[in-house]
Amino acid sequence: MSKKIVALSCGRKNGNSEILLKEAAMGAAESGVETEIIHAAELNVKPCTNCQACVKEMRSGKPAKCWIKDDLEWIIQKTVIDDCALILGIPIFHARCCGQFMNINDRMLPATMRHPEVLKKTRVGAIITVGGAGSDWTNLGHVTANGFLQHTRVLVDQIQINDAPVPGAVLFDFHKKSLERARQLGRNVAQAMQLPIGEVRYMGEDKPMSCPVCHCDVLQVPDDFPNVVCPVCWIHGKIEMKNNKMQIRWDEFETEHPRFSEYAIKEHGKYIMSLAKKIAGAEKDPSFNQLKKKYSTYGNIIKPDKVTVE
């Protein structure tokens with residue numbers, strides 16, 4: 001396994017999430033592990049436009065590629081493809097991970113399709129999310145961060161740090177435990193890097209109702225109780241009572257093959273390709289262009305008097 005960690009910082013330079021990332025890097029350095037830090041906020045990362053270029057390339061038998069010209073391809077090379085452990089440092093401005101991170105997340109799929117070997121998850125990763133308004137405003141942080149990490153890494157640890165409303169708030173005395181917890185996360189990642197991937201175990205805090213893969217405690221009720229599902233990994237379970245306590249009996253097959261496993265992503269890819277073929281056939285129908293014209297000419301589209309262009 002790789003002896004290097006890449007830390008993806010999606011917040012302010014030397015802001016709270018980056019300070020905690022650096023503390024984690026210091027913890028990993030105790031074991032001689034090198035860390036490289038990427039300042040995503042200083043790079044040009046545009047949002048996905050759903051242009052479908054990557055899907056069209058796949059449909060024609062070519063390697064999937066995002067055709068937007070910016071720094072995203074370099075970030076994906078370093079965080080998704082290169083042989084390294086990964087630690088994410090992400091601020092939460094409003095309930096879930098910040099927009100800078102979500103732009104990266106939304107455009108990662110072409111790389112995983114070009115490099116299916118990363119789906120085997122032979123590397124490890126961890127997550128640090130930081131919010132400033134208490135836990136009731138940050139509970140979607142790990143859910144959205146795992147949507148990125150779970151594609152390519154085995155999760156070792158994750159922490160949510162709250163009450164950090166201003167840059168550098170984690171340096172205040174009452175955040176000493178947060179800094180030490182981040183350092184321990186780095187130690188945990190370094191320790192996991194020394195193990196065969198099959199022996200890596202989650203070392204973070206867990207709850208009785210947590211998903212066995214992403215270890216998040218956010219559940220969805222797809223139909224009715226007692227049936228639940230993890231919205232990240234799409235593992236179904238059933239709530240049961242044991243010794244007067246609730247627990248979840250998770251589906252064993254889905255636990256071994258969650259949404260972001262090699263098996264499930266390949267199955268999803270087959271579905272996308274079959275759907276793309278159906279759409280390509282429908283586009284040849286004359287009525288399609290008539291409907292398209294109907295919607296393209298409808299609507300009162302408004303804009304500001306002056307559009308700011310960088």
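So, in the range 135-163, of the ones that are assigned to a loop (DSSP other than H, G, I, E, B) and without any contact (Cβ under 8 Å) to a residue 40 or more places away in the chain, which residue ends up surrounded by the fewest Cβ atoms within 10 Å (Cβ to Cβ)? Per the criteria, the residue is Asp163. Selection of the range 164-194 for residues being outside any helix (DSSP H, G or I) and without any contact (Cβ under 8 Å) to a residue 24 or more places away in the chain yields only Phe172.
Highlighted here are the helices (runs of 4 or more DSSP H) found entirely within the range 1-87 that include at least 3 residues which are modelled with pLDDT of 95 or more: 16-29, 72-76. When the range 240-263 is filtered for residues that are in contact (Cβ under 8 Å) with a residue 24 or more places away in the chain and surrounded by 15 or more Cβ atoms within 10 Å (Cβ to Cβ), the ones remaining, listed by number, are Ile248, Trp250, Thr255, Pro258, Arg259, Phe260, Ser261, Glu262. Per the conditions (1) modelled with pLDDT under 95; (2) assigned to a strand (DSSP E or B); (3) surrounded by 21 or more Cβ atoms within 10 Å (Cβ to Cβ), the sole criterion not satisfied by Val130 is (1).
When Gly132 is tested against (1) in contact (Cβ under 8 Å) with a residue 24 or more places away in the chain; (2) over 18 Å from the mean Cα position of the chain (by Cα); (3) not assigned by TED's automatic domain parsing to the domain that holds Met26, exactly one condition is not met: (3).
Conditions (1) at pLDDT below 95; (2) among the polar types (S, T, N, Q), marked per residue:
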position: Met203; (1), (2): no, no
position: Lys207; (1), (2): yes, no
position: Cys214; (1), (2): no, no
position: Cys230; (1), (2): no, no
position: Asn244; (1), (2): yes, yes
position: Arg249; (1), (2): no, no
position: Lys266; (1), (2): yes, no
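The values are calculated or read from the model by the stated rules, or taken from the named source; none is laboratory data. None of these values were measured; they are calculated from a predicted model. Don't worry about glycine lacking a Cβ; one is built from the backbone with ideal geometry, like all the others, and counts go over all protein chains shown.
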